[in-house]
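To start, the structure itself, in structure tokens.
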Amino acid sequence: MSKWLSFLALTLSSLLLVVSCQSQTLDIKNLNRGTGTQIIVIGDSIASGYGVPPEAAFPSVLSRQLGVPIVNQGVSGNTTAMGLNRLQTDVIAGSPWLVIVELGGNDFLQKLPKPETEKNLREIVTSVQESGAIAVLLGIELGIYVDEYKELYERVAQDTKAHLIPQVTKGILDNPRYRQDDIIHPNQAGHQLLATRIAQQLKPLLEKATWPPALLKFQDNIKKP
């Protein structure tokens with residue numbers, strides 16, 4: 001009897017988790033607005049593909065995995081403040097439908113105040129949303145022994161109703177198999193894994209979103225295995 005009750009409890013817990021995830025996905029701001037013409041990544045050297053060929057950087061790999069065009073606006077060395085400064089020209093001026101934000105790593109490396117990082121990320125996300133686009137925030141695992149930025153990314157996403165993909169670099173930058181010798185950049189295998197993680201968590205969002213006319217022809221690619 002106790003085994004059956006344990007199984008029932010586990011099943012109910014799993015069901016509640018699925019329902020919760022679906023509810024969170026449906027609560028994303030601009031999910032059904034269906035405006036814009038592009039999917040754009042704004043980020044730093046990880047997005048730009050430092051140390052790997054351009055086609056091996058995660059935005060290019062993600063584009064192939066999803067079967068949708070993705071514009072890569074990653075710039076090596078960018079902090080959140082630098083990303084914010086070029087947001088209007090490099091992202092919003094491009095009429096985005098969905099924007100993937102990959103920033104924060106250089107703030108950590110330069111030991112910038114975390115409140116400043118959070119403020120910048122919040123402004124980036126809200127500016128993206130005010131333009132009518134969906135904001136997807138990548139939670140970069142930052143810290144020597146613990147993830148010092150985990151709650152920061154969670155707060156920004158929850159407060160702004162952005163879609164958070166948490167700890168995307170977990171097990172990549174701390175694993176010699178997936179990182180370059182400099183320790184702070186993924187190698188080609190790391191970018192492949194990073195793109196796969198993002199694709200897995202992005203697909204449910206894209207399946208529920210209202211696609212704009214400019215990208216509608218790519219919608220069926222999301223449903224393919």
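Listing for the model above:
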read-out	value
Residue match in the range 167-176 (condition: among the acidic types (Asp, Glu) and outside any helix (DSSP H, G or I))	yes
Ala157 being part of a strand (DSSP E or B) and touching a strand residue (DSSP E or B) at 6+ places or on another chain (Cβ under 6 Å)	no
Where Leu31 falls short, out of the listed (1) outside any loop (DSSP other than H, G, I, E, B); (2) aliphatic (A, V, I, L, M); (3) surrounded by fewer than 21 Cβ atoms within 10 Å (Cβ to Cβ)	(1)
Which numbered condition Gln73 misses (of (1) assigned to a loop (DSSP other than H, G, I, E, B); (2) open to solvent by 30 Å² or more (accessible area, probe 1.4 Å); (3) not aromatic (Phe, Trp, Tyr))	(1)
Residue that is more than 14 Å from Ala47 (Cα to Cα) and either crowded, with 18+ Cβ neighbours inside 10 Å or in contact (Cβ under 8 Å) with a residue 12 or more places away in the chain (or both), where the choices are Ile140, Ile198, Ile184, Ile165	Ile165
Candidate set: the range 53-66, residues that are hydrophobic (A, V, I, L, M, F, W, C) and not in a loop (DSSP other than H, G, I, E, B); chosen: the one surrounded by the fewest Cβ atoms within 10 Å (Cβ to Cβ)	Ala56
Hits in the range 102-116 (condition: buried (at least 20 other Cβ atoms within 10 Å of the Cβ) and part of a loop (DSSP other than H, G, I, E, B))	Leu103, Gly104
Hits in the range 82-101 (condition: open to solvent by less than 50 Å² (accessible area, probe 1.4 Å) and within 23 Å of Pro186 (Cα to Cα))	Gly83, Val99, Ile100, Val101
Some residue of the range 138-146 being at pLDDT 95 or above, under 24 Å from Ile39 (Cα atoms), of a type outside the set (Gly, Ala, Ser) and within 19 Å of the chain's Cα centre (by Cα)	yes
Residues located in the range 143-154, provided they are among the acidic types (Asp, Glu) and either in contact (Cβ under 8 Å) with a residue 24 or more places away in the chain or not in a loop (DSSP other than H, G, I, E, B) (or both)	Glu148, Glu151, Glu154
Those residues of the range 39-52 which are farther than 14 Å from Ala209 by Cβ and either among the polar types (S, T, N, Q) or in a strand (DSSP E or B) (or both), in sequence order	Ile40, Val41, Ile42, Gly43, Ser45, Ser48
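The values are calculated or read from the model by the stated rules, or taken from the named source; none is laboratory data. Nothing here was measured: the structure is a model prediction, and the numbers come from that model. Backbone-built Cβ (ideal geometry, glycine too); neighbour counts: all protein chains shown. Keep in mind that these areas ignore ligands, DNA and RNA; they rest on the heavy atoms of the full protein, side chains included. Shrake-Rupley method; radii C 1.70, N 1.55, O 1.52, S 1.80 Å.
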